[in-house]
Amino acid sequence: IEYIRSVYYNKVELTRFSSSLGKFVGFTQFGLKVADQWNSNAAILAQMKAEKETVCLNNVGNDHRNA
């Protein structure tokens, strides 16, 4: 299971957190700066990793059964 959280502005993807990488990746000049700031903050990275466990791992069984 991979948790991905993307940030868009005007239909352009600025940044993306990927749980398989464990960090944010920027796609524009502004997104690269924001990703660097978020990657240097251990609390934000811990929050994103915890969201994978909270959102994905607890609900994967429910979605699989309903499909």
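The values are calculated or read from the model by the stated rules, or taken from the named source; none is laboratory data. This is a predicted model, so every value here is computed, not measured. Cβ sites come from the backbone with ideal geometry, for glycine too, and all protein chains shown count toward neighbours. Side chains included, ligands, DNA and RNA excluded: accessible areas come from the protein's heavy atoms. Shrake-Rupley method; radii C 1.70, N 1.55, O 1.52, S 1.80 Å.
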In Å³ per residue, the alpha-carbon convex hull of segment 1-47 encloses 67 Å³
Measuring from its Cα centre, the chain shows a charge dipole (+1 at each Lys and Arg Cβ, -1 at each Asp and Glu Cβ) which, in debye to the nearest 20, is 80 debye
Counting only protein heavy atoms and rolling a 1.4 Å probe, one gets per residue an accessible area for the chain in Å² of 74 Å²
